[in-house]
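A.B. asks: Take this structure first; my questions come after.
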Amino acid sequence: MANPILPVQAGANLAALERDEDIEQTQMSEQEIEQLEEALDLEDGSELDEEVIELEDGSVIINYVATEGPMKNPEFYANLAETMDEGTLQGLATEFLDLIDVDRESRKERDKQYEDGLRRTGLGKDAPGGATFDGASKVVHPVMAESCVDFAASSTRELLPPEGIVKSHIRGEADRVRLETAERKVNFLNWQLTEQVQEYRDEMEQLLTQLPLGGSQYLKWRYDYEQKRPMTEWIPIDNILLPYATTNFYTSARITEVQDITEDVFQQRVDQGIYRDIETTYISAIESDEMTQSQKANNKIEGKQEPSKNVDGVRRVYEITCFLRLDDDSETEGKRAPYILTIDDSTSKVLALYRNWCYGDEKLEKLDWYVEFKFIPWRGAYAIGLPHLIGGLSAALTGALRALLDAAHINNSQTMLKLKGGRISGQSDRIEPTQVLEIEGAPGVDDVRKLAMPLPFNQPSNVLFQLLGWLTDAAKGVVTTSEEKIRDVNSNAPVGTTQALIEQGAKVFSSIHARLHRSQAKSLAILSRINHWYLGEMNNESGEPIEIRDFAVNNDIRPVSDPNIFSETQRLAQAQAILQLAQGSPQLYNMREVHLRILRQLKIPNINDILPNPDGIKEANPALENVSMTMGRPAAAYPDQDHLAHIKVHLMFAMDPNYGANPIIGPAFTPHLLEHLKQHITLHYLQTMRNYVGQAADGKDIFKLNEERPLDKTSEQALAIASQMVQMDGQVEFQPIQPAIQQLIQKVQQGQQAQRQQMAESDPTAQVLMKTQMAETQRKAQEAQIKAQMEMKKQEQDFDIKIVELQQKVDELMAKYNTQSQIDSQKNAKDIALANINNAAKERVAQISAGVQMDQQQRQMEHEQNQAAIQATRTAETEILKHGIAIEQQAFQQQAQAVQAQLEQAAQQQPPTGVTNV
């Protein structure tokens, strides 16, 4: 079972970490509001509008102005027609009846366009165009009807899902009170729109079906005093009249609703006090010329026909939302203000006149009771629809389809020319297949083919058939979606490709859906106002306790539809894209939420049975949590618990050999306990940090650590100091329990290892896998050993080759040295000999030059001296030769020593024989 997800892990604000002081402060604020309401003599149905005036010294003055509803101040919202002068009322009736005629005349062409759209659906069997001969085809191309049905189905699924129509949407800072209030309102409104206001879905479906044809449609909200609940009604566009100069529905100077009501409804409104009793029994039937063209076309579709007698007493009433300047109204004293004026068409009398702004509203802002739904907005107040967009294409499609069918019909029928004198017996008889019929011919006619000639007609045209297909694609391209393109998308397409195709293929519909979403929000605002006014007398059967003040502000709810998502196909494409991204980086995503979204889109029932919800764990005491974890169910820690006490209780149970340490309990209990302890330790840390912050700030968490919000540098430095204190406290608090936690971790690891081993032994498949893995490991070890031996042999061979190369280098150096020594010796001896000869020659020349003057004795002495000099020279030359050889020998020895060192180093690097590196 999945582990529970803490709010911290999910990245959400921890609303449950609100301090008791903060909750008490919020309750005190509510009590102050209640005291202020009592001081101002207000009830729950009243609102407080505040005006804040800031003074120069920075102080402010708050002026509270009460705005009251009909239950609190019925006089303000009373029917003014009961007390106003009859002449003034008659003047208003005459003026506005004339304006209504002008407004109706200005929109005749618009009514005709709506009628044309209804007829082009073919549902009334009166679509214009086509041939007029007997048997001519009256078929209508379904592009218009199909577009309306598809649009209504898609819009209904988005705006009115069965799970609920309303969801909460908190703007600004969300606290516990605001969250609870929004949740109550969501539950109550969903009950209202699905059960209390039973007609809401039916009226919305009719509106969405007619919206593509009319371009604009309207939804009206009101409160029914008899049934004591809100009511809603779809108002077709042909029953809403706007002035010619109006460019926006909500800012129009007047909005006239044409109501055709029965005598029973009229009298009911009189009894309820909505209309004044004009004391007349005159009832006029609605003349056919007063019916709109679109209403007549719709009657043909529904198969209705105007009765000959007005048995129900149907009469026409005009309800006009307008602006008036009434001197008789004490609230305005002639100022322009919004009113609701109701006029009876049969008597031209005013039935009702109501103020249409809130009591106490100095701005006199008009209250909206109608919601406008637009298909595609245009320049004026009326939007355009399918008759404007594809009306011509629809006519061409119907014409082409009828032409093809008429051509096929004519070619299969017997149309011929007959001779005037010919006489055919039994020509009125029908010839059945396989029947032989005899006829009589005129005198001289021996061939039946001479009596009549079939007329030649062209076959159905292939060009026309191709044109029909092109026109169909062009018409559907306006309101189409991209399902056709999605079928061709590869399942391995990049993320976002399908999403891009959907958005590209449904650009028109997506913009329409955004407008529908905004209109739905407008409906919720009006319904919330009705609830705020009349909730006190409604029957609340929702099972949700709700208060009037909950609807005082309504910016915390919104429609469940998403203006950016307009189809289930788009949602599923988004979910698949998220799943594809999550599979690539699972550490960044909440995988349970990813799968949960896909299951929801697939409408899988009972999802929690398939994908258990970890957040569904309820808060319990530590003893009951021990029992739950023993049974294999996870437990969740909550922010406001005494975490240290919980931890001690859990550890004492876990270390007790009779309970948590028991072999039959421990294996299932310990893993859940470790996860639960992690939650308690995490929340205890955050709780302790908040306590230290509160101690330094008069008991208030000024940093609001339970919320995701940035802090300035000074605040972060303060948190650093608080963190040091939390660390010191943690060393004291958790030191006694750390050994027990370590023991539990070791037990879980040992249990997991034993479980894996047991599974491997008990599972034949696992055994085969294990043996395969062991064999693979041995094979790899053998391959590694063989590879190491081969590498060793290769290293030995490389070493031997290197030794031989070094020895060769030594021999080459020795040979080079000997050769060089001999050459140097010979060169030295030759130089010495030449020097001696040169010296001797020089001396001989000198002797000969001086011999004439020398006697024999001197010659003898000189000879001896010369011999001694020669001997000395030879001795010197021998010593010089020996000295040169010694120098050469010394250099050789140094080079030999270097080579010998390289050999010794290589021998040291050689691995010992018989050792294998694995």
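The values are calculated or read from the model by the stated rules, or taken from the named source; none is laboratory data. From a predicted model like this one, the values you see are computed outputs, not experimental measurements. Using ideal geometry, Cβ is built from the backbone for each residue, glycine included, and neighbour counts are taken over all protein chains shown. With ligands, DNA and RNA removed, areas are computed over all heavy atoms of the protein, side chains included. Shrake-Rupley method; radii C 1.70, N 1.55, O 1.52, S 1.80 Å.
A.B. asks: Using packing as a proxy for protection, rank 785-795, 255-265 so that the peptide with the highest average count of other Cβ atoms within 10 Å comes first. Could you put the intermediate results ahead of the total?
C.D. replies: On the way: 785-795: 12.0, 255-265: 17.5.
Ranked from most to least packed, the peptides come out as 255-265, 785-795.
A.B. asks: Still on this structure, I have one more. I need the peptides 323-329, 142-148, 658-664, 686-692 ranked by packing, meaning the mean over residues of other C-beta atoms within 10 angstrom, with the highest value on top. Write out the running numbers ahead of the final one.
C.D. replies: On the way: 323-329: 15.3, 142-148: 21.3, 658-664: 12.9, 686-692: 18.6.
Descending mean neighbour count gives 142-148, 686-692, 323-329, 658-664.
A.B. asks: Right, here's the next one. Expressed in whole Å with the largest first, what are the equivalent ellipsoid semi-axes of the range 667-826 derived from the C-alpha gyration tensor as the square root of 5 times each eigenvalue?
C.D. replies: On the way: eigenvalues 1018, 275, 36 Å².
Rounded to whole Å, the semi-axes are 71, 37, 13.
A.B. asks: Cα gyration tensor of the range 225-353, axes a ≥ b ≥ c as square roots of the eigenvalues: rounded (a/c below 1.5), prolate (a/b > b/c) or oblate? Spell out each step's value before the answer.
C.D. replies: Working: a/c = 1.92, a/b = 1.35, b/c = 1.43.
Taking the square roots of the gyration eigenvalues as a ≥ b ≥ c, the range 225-353 is oblate.
A.B. asks: Once amide H atoms are placed 1.01 Å from N in the peptide plane, what residues at a sequence separation of 5 or more from Leu324, or on another chain, have their amide H within under 5 Å of its amide H?
C.D. replies: Result for Leu324 returns Ala337, Tyr339.
A.B. asks: Per residue, what accessible area does the range 68-199 have, given a 1.4 Å probe and all protein chains present, in Å²?
C.D. replies: On the way: 6570 Å² over 132 residues.
On a per-residue basis, the range 68-199 sits at 50 Å².
A.B. asks: OK, next. Roughly how big is the range 508-594's charge dipole about its Cα centre, with Cβ charges of +1 (Lys, Arg) and -1 (Asp, Glu), in debye to the nearest 20? Walk me through the numbers on the way to the answer.
C.D. replies: Numbers: 8 positive and 9 negative charges, 91 e Å.
Computed charge dipole of the range 508-594: roughly 440 debye.
A.B. asks: Still on this model: Which percent of the accessible area of the range 328-384 is formed by carbon and sulfur heavy atoms (probe 1.4 angstrom)?
C.D. replies: 43
A.B. asks: Can you compute 3J(HN,Hα) from phi for each residue in the range 116-126, using the Karplus curve 6.51 cos²θ - 1.76 cosθ + 1.60 with θ = phi - 60°, rounded to whole Hz and x for Gly and Pro?
C.D. replies: 4, x, 5, 5, 6, 5, x, 6, x, 6, 9
A.B. asks: By how many nm would the segment from Thr262 to Lys809 lengthen if fully extended, with 0.36 nm per residue of separation less the alpha-carbon distance?
C.D. replies: 184.1 nm
A.B. asks: A further question on this structure: Let me check something: with ligands and nucleic acids excluded, how do Met538, Met725, Met861 order by accessible area (1.4 Å probe), largest to smallest?
C.D. replies: Final ranking, largest accessible area leading: Met861, Met725, Met538.
A.B. asks: Normalised by the number of residues in the range 186-257, what is the relative contact order in percent for Cα pairs under 8 Å and 6+ residues apart?
C.D. replies: On the way: 78 pairs, mean separation 16.8, N = 72.
Relative contact order here is 23 percent.
A.B. asks: A further question on this structure: Let me know the shape class of the range 305-357, please: from the alpha-carbon gyration tensor, a ≥ b ≥ c as square roots of the eigenvalues, rounded when a/c is under 1.5, otherwise prolate if a/b is greater than b/c, or oblate.
C.D. replies: On the way: a/c = 4.52, a/b = 3.36, b/c = 1.35.
Verdict is prolate for the range 305-357.
A.B. asks: By the gyration tensor of its Cα atoms, with a ≥ b ≥ c the square roots of the eigenvalues, what is the shape of the range 632-699: rounded for a/c under 1.5, prolate for a/b over b/c, or oblate? Don't jump to the answer; show the numbers that get you there.
C.D. replies: Values: a/c = 4.34, a/b = 2.77, b/c = 1.57.
Prolate, because a/c is 1.5 or more and a/b exceeds b/c.
A.B. asks: Going highest first, how would you order 702-712, 155-165, 809-819, 370-380 by mean Cβ packing within 10 Å? Don't skip to the answer; put the middle values down first.
C.D. replies: Numbers: 702-712: 14.1, 155-165: 16.7, 809-819: 12.0, 370-380: 19.1.
Those peptides, ordered most packed to least, come out 370-380, 155-165, 702-712, 809-819.
A.B. asks: A follow-up question, please. With a sphere of radius 12 Å drawn around the Cβ of Ala635, what net charge do the other residues whose Cβ falls strictly inside it have (Lys, Arg +1; Asp, Glu -1)? Show your work: numbers first, answer last.
C.D. replies: On the way: positive: Lys618, Arg633, Lys678; negative: Glu619, Glu625, Glu675.
In short, 0.
A.B. asks: Return the sequence-ordered ³J(HN,Hα) values of the range 571-582 in whole Hz as given by the Karplus equation 6.51 cos²θ - 1.76 cosθ + 1.60 applied to θ = phi - 60°, using x for Gly and Pro.
C.D. replies: Karplus values, whole Hz, x for Gly and Pro: 5, 5, 5, 5, 5, 5, 5, 5, 4, 5, 5, 5.
A.B. asks: Just how far, in whole angstrom, is the range 610-688 from the range 295-364 if you go by their alpha carbon centroids?
C.D. replies: Rounded to whole Å, the Cα centres lie 67 Å apart.
A.B. asks: Among residues other than Tyr354 whose Cβ falls under 13 Å from its Cβ, what is the net charge (Lys/Arg +1, Asp/Glu -1)? Working shown, then result.
C.D. replies: Working: positive: Arg222, Arg269, Arg276, Arg355, Lys366; negative: Glu75, Glu82, Glu319, Asp329, Glu331.
Around Tyr354, the surrounding residues sum to 0.
A.B. asks: Taking amide hydrogens as modeled 1.01 Å from N in the peptide plane, which residues meet the under 5 Å criterion relative to Arg229, leaving out close sequence neighbours?
C.D. replies: Long-range HN contacts for Arg229: Asp224.
A.B. asks: Just to verify a number: FRET efficiency for Ile702 and Glu333, C-beta to C-beta distance, R0 = 45 Å, to 0.05? Spell out each step's value before the answer.
C.D. replies: Numbers: r = 52 Å, r/R0 = 1.15.
Here the calculated transfer efficiency is 0.30.
A.B. asks: Please report the net charge: other residues with Cβ closer than 12 Å to the Cβ of Leu89, K and R +1, D and E -1. List each step's numbers first, then the result.
C.D. replies: Values: positive: Arg276, Lys349; negative: Glu82, Asp85, Glu86, Glu95, Asp328, Asp344.
Around Leu89, the surrounding residues sum to -4.
A.B. asks: In addition: Residue by residue, what Karplus-based ³J(HN,Hα) values in Hz, rounded to whole numbers, does the range 194-206 have, using 6.51, -1.76 and 1.60 with θ = phi - 60° and x for Gly and Pro?
C.D. replies: Result, ordered by residue: 9, 10, 5, 8, 5, 7, 4, 5, 4, 5, 5, 5, 4 Hz.
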